[in-house]
1. Please enumerate the residues belonging to the range 154-181 that are farther than 24 Å from D125 by Cβ and polar (S, T, N, Q).
2. Can you tell me how many residues within the range 191-223 are under 17 Å from the mean Cα position of the chain (by Cα) and closer than 18 Å to F142 by Cα?
3. Can L263 be described as part of a helix (DSSP H, G or I) and under 21 Å from D177 (Cβ atoms)?
4. Which of the residues spanning the range 11-48 are modelled with pLDDT under 95 and within 13 Å of ligand 1 (Cβ to nearest atom)?
5. Starting from residues that are in a loop (DSSP other than H, G, I, E, B) and in contact with a helix residue (DSSP H, G or I) (Cβ under 7 Å, 6 or more places away or on another chain), keep the ones in the range 249-260 and report whichever is nearest to ligand 2 (Cβ to nearest atom).
6. Scanning for something away from ligand 2 (no atom under 16 Å from the Cβ), closer than 20 Å to G210 by Cβ and out of contact with any helix residue (DSSP H, G or I) (no Cβ under 9 Å at 6 or more places or on another chain), does the range 158-170 turn up at least one residue?
7. Helices (runs of 4 or more DSSP H) wholly in the range 156-241 with at least 3 residues that are within 16 Å of ligand 1 (Cβ to nearest atom) and at pLDDT 95 or above - which ones?
8. Among the residues of the range 226-248, is there at least one that is within 14 Å of ligand 2 (Cβ to nearest atom) and out of contact with any strand residue (DSSP E or B) (no Cβ under 8 Å at 6 or more places or on another chain)?
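The values are calculated or read from the model by the stated rules, or taken from the named source; none is laboratory data. Predicted model only: the values in this text are computed from it and were never measured. Ideal geometry is used to build each Cβ from the backbone, glycine not excepted, and the neighbour counts take in all protein chains shown.
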Amino acid sequence: MLDYHLHLWEHGPGPLDATLEQVAAYCERAAAAGVSEIAITEHLSRFRQTDAVLRGWWDDDPDPVIASTMARWWDGDLGADLDQYVEVVLAAKAAGLPVVLGLEVDYYAGRMHTVAELLAGYPFDVLLGSVHWVGAWGFDNFGEAAFECRWETHAIEGIWDSYTTSLEELADSGVCDVLAHPDLCKISGRRPPVPEEFHARMAEAAARSGMAAEVNSAGLGKPVAECYPAPDLLRRFVASGVALTTASDAHRLGRVAECRDELRALIRSTGCETLQAYRSRSPHPVPLG
Ligand SMILES: [Zn+2]
Ligand SMILES: [Zn+2]
């Protein structure tokens, strides 16, 4: 069992230093829960080095309210040092702790070459690829009124189609290794009449890119109240030969390895008994456990 999606910090302003003690505590909690290896995968958007090369990306969105809302949210989440983060996780790994160095990378339309250039300077083990926004609309961010109200004003098919197109572009960019929370577009609980059409595109995107897909329990605490991916999408991933990882997507120690039994049961129900772990961005199989 793995927990391959972990954050060190909650969203919003706060001290954004990584410490060896915190990483060690995550490892200890995971091990006590029967999780053999973790990946620390902080959001790329939280680092000053990212801001230096991507700042202003939201201005590509034609809606000025959405763009300015994203700009304000971005600044409120910013301030960590990528070099310090990498140094601390590498020190934990060198000390023999069962941890690998990762990052949760957002999809930036038309700018993934810039992202790839930034990341090439660091020895990451695994890169998660996430679609958290469509244009500059942070659709999974229910704390922002301008973002939340768009769920009411836009047709659900269009939302799912835009999300899926972004996911396809992210997969085809080749920048990341694992599709994080693959059907995050279901977060509000609203689904199109035939979600299978979109699931087919998501599974095909993962299969042709060679990416793994993450089975993530964070959706259980959202309006949709379901793990990512939906059972139909999970079956399609397995049938297409897409490898799997497991993830709590915890943002604090108390949630590390959360819902591991649910995730294991979900995966086992497809007949799959193997997960995919990574070193230096090369995959290797590990038992589901
Ligand atoms: Zn995410
Ligand atoms: Zn996350």
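1. S162, T164, T165, S166
2. 5
3. Working: part of a helix (DSSP H, G or I): yes; under 21 Å from D177 (Cβ atoms): yes.
Yes: the conditions hold for L263.
4. If the condition is that a residue be modelled with pLDDT under 95 and within 13 Å of ligand 1 (Cβ to nearest atom), then H11 is the only one that fits.
5. Step one: filter the range 249-260 for residues in a loop (DSSP other than H, G, I, E, B), giving 249, 251-252, 256-259.
Restricting the remaining residues to those that are in contact with a helix residue (DSSP H, G or I) (Cβ under 7 Å, 6 or more places away or on another chain) gives 249, 256-259.
Numbers: D249: 4, V256: 13, A257: 15, E258: 13, C259: 14 Å.
The residue in question is D249.
6. yes
7. Working: elements: 156-173, 195-209, 231-239.
Fully inside the range 156-241 and qualifying: 156-173.
8. no
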